[in-house]
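The values are calculated or read from the model by the stated rules, or taken from the named source; none is laboratory data. Since this is a predicted model, take the numbers as computed values, not measurements. Positions of Cβ are generated from backbone atoms using ideal geometry, with glycine treated the same way; all protein chains shown enter the neighbour counts. We work out accessible area using only protein heavy atoms, side chains counted, and drop any ligands, DNA or RNA first. Shrake-Rupley method; radii C 1.70, N 1.55, O 1.52, S 1.80 Å.
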Amino acid sequence: MTNFSTIYKLSLVTVICFIKACSSSCPVLECWFVQEKAGRGGGLTAATSQEKSLLHIRTGAHSHSADFNQAPSDINPDRVYFITDPAATLCQRSLNPPRGSVQKPQCEINPFLPQPSTLKWVAPLTDSALSPTYLQADWFSTALQGLNEELAISTIMRAPTATKEHNVILSVTSKTVSVQSRLREPVLLDCSFWVDPSSPLSGSGFAVEWRYQFRGDGRLVLAYDGKTDRLADTQEEGATLDFEGLHKKGNASLILQEAKVHHSGMYICTVYLPYIVAQVAVELEIVEPPSLSIHPSPLPLIVPGQTLTVECEASGFAPLSLELSWELKGADGKSSPLGSGSVTGHRQAWDGTYSQSSRLELDPAKLDLGRGGEITCVAVHLGGTRRASVTLNAIGFSTPSIEDSMAMVGVALVLYGLIKFVSWTCTGSGSDGAGQQDKKDK
Ligand SMILES: *[C@@H]1O[C@H](CO)[C@@H](O)[C@H](O)[C@H]1NC(C)=O
């Protein structure tokens, strides 16, 4: 009994320690401090400077982050910041790698200038002017990416001028930075935001915007003014938000009712508060494996001296990249590759999916088809490998067995006899007739 309770207590202690270690693991983030170089206006590429910097994250002004006193020598002390993040958004595990790990989360910090926006769905937020003293402070924006490449966080932070003690005012998070979906399925692109409730910027409304970007092509997918509860007119069909979750919990996730091929691309979730803005990007890829069909099916019997062409059509797949090949499984169960055949160019269907086919010529003179077997078309695609098979019936190609040879000799002998007999009867009667004809002529 005592043993049991000791074990129980020990495990309880372990669990508590574990929970504590997890919950209080606000990281010290190594960041690149990037800013435009002063006094070098103009030019196509703005000159920027990069400096290493360190962000000590804590959830309250009086709590301290893990290794508080440890400032590496290669970091300018002016670039060491203390950041209070009450929502603990920056204290997630994938931003806090184990000590000594080579992989580090990506982090960039930039100076930020609060300003009103003229966008139609954002402008109402700054209708009532705000106390300028609150805006006159040191503002920074940060962009972070977690180790697992699934998490992206952007924050806007404010520090009373020259204090280096920043508070997170707005954070925008996505937990699914890259999303894959099958065709015709509903898609959720995760995005959520948090606003410091003690900030004068909270409670004056917000706006959410989703923008699509693919190879230089961009369009507005959805824009929502949370202050006046109004959606902007957009061309996008079947894109919506969970408005209740948005107002209650800051759930700004984009819902696409039905995935289509042209939905593949980059989506940018932008959250606006009066004067400040933060955004994260989510990549969506629509991946649909091909369906295969083989023609002709069933295959005709393959005859010596003739070639047979088989075609395999892969259709309805996306993205474009596909590898087609053929296999022959003999009667003995052994598979052998038959190459890729001659692959045609691809075609695109109305729904954006692709199709492509391969023709294979079966020449019994060149291939050892044996007594036949199974011909399989194999399609390797990002969405998975697909196979289709048909039965191949070939006769008379295998080296004849002794019984077959004996039978063939027998058949040959019978045939020979038959031919001899027929030709003898024909020539016999023919010469008789000719004789009679001769006599009549005389
Ligand atoms: C956000 O809303 C979507 C749609 O209702 C839901 O599926 C998702 O679970 C929500 N996310 C969070 C974190 O609540």
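Residues checked against (1) touching a Phe, Trp or Tyr at 6+ places or on another chain (Cβ under 6 Å); (2) free of Cβ contacts under 8 Å to residues at least 40 places away in the same chain; (3) closer than 30 Å to GLY226 by Cα:
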{"residue": "HIS262", "(1), (2), (3)": "no, no, yes"}
{"residue": "VAL287", "(1), (2), (3)": "no, no, no"}
{"residue": "PRO290", "(1), (2), (3)": "yes, no, no"}
{"residue": "SER293", "(1), (2), (3)": "no, no, no"}
{"residue": "LEU324", "(1), (2), (3)": "no, no, no"}
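Before we move on, is TYR267 within 22 Å of the chain's Cα centre (by Cα), surrounded by 20 or more Cβ atoms within 10 Å (Cβ to Cβ) and away from the ligand (no atom under 14 Å from the Cβ)?
yes
Among the listed residues LEU308, LEU284, LEU273, identify the single one that is within 16 Å of the ligand (Cβ to nearest atom) and open to solvent by less than 40 Å² (accessible area, probe 1.4 Å).
The match here is LEU284.
Residues of the range 175-202 being part of a loop (DSSP other than H, G, I, E, B), closer than 13 Å to LEU256 by Cα and of a type in the set (A, V, I, L, M), which ones?
LEU183
Any residue at all in the range 297-311 that's within 24 Å of the chain's Cα centre (by Cα) and in contact (Cβ under 8 Å) with a residue 12 or more places away in the chain?
Within the range 297-311, none of the residues are within 24 Å of the chain's Cα centre (by Cα) and in contact (Cβ under 8 Å) with a residue 12 or more places away in the chain.
Please verify whether the range 217-240 includes one or more residues that are within 12 Å of the ligand (Cβ to nearest atom) and open to solvent by 30 Å² or more (accessible area, probe 1.4 Å).
Yes, some residue in the range 217-240 is within 12 Å of the ligand (Cβ to nearest atom) and open to solvent by 30 Å² or more (accessible area, probe 1.4 Å).
Just the residues that are in a loop (DSSP other than H, G, I, E, B), touching an Asp or Glu at 6+ places or on another chain (Cβ under 7 Å) and open to solvent by less than 60 Å² (accessible area, probe 1.4 Å), please, taken from the range 135-174.
Scanning the range 135-174 gives no hits.
Which members of the range 201-216 meet the condition of being out of contact with any Gly (no Cβ under 9 Å at 6 or more places or on another chain) and surrounded by 14 or more Cβ atoms within 10 Å (Cβ to Cβ)?
Once the filter is applied, which keeps residues that are out of contact with any Gly (no Cβ under 9 Å at 6 or more places or on another chain) and surrounded by 14 or more Cβ atoms within 10 Å (Cβ to Cβ), the range 201-216 yields LEU201, SER202, SER204, GLU209, TRP210.
Could you please let me know if VAL208 is within 16 Å of the ligand (Cβ to nearest atom) and at pLDDT below 95?
It is false that VAL208 is within 16 Å of the ligand (Cβ to nearest atom) and at pLDDT below 95.
With the requirement that a residue be part of a strand (DSSP E or B) and either modelled with pLDDT of 95 or more or on the phi > 0 side of the Ramachandran plot (or both), what does the range 365-376 give you?
Answer for the range 365-376, where residues must be part of a strand (DSSP E or B) and either modelled with pLDDT of 95 or more or on the phi > 0 side of the Ramachandran plot (or both): GLY372, GLY373.
Yes or no: the range 112-134 includes at least one residue that is among the aliphatic types (A, V, I, L, M), over 25 Å from the mean Cα position of the chain (by Cα), modelled with pLDDT under 90 and part of a helix (DSSP H, G or I).
Scanning the range 112-134, I find at least one residue that is among the aliphatic types (A, V, I, L, M), over 25 Å from the mean Cα position of the chain (by Cα), modelled with pLDDT under 90 and part of a helix (DSSP H, G or I), so the answer is yes.
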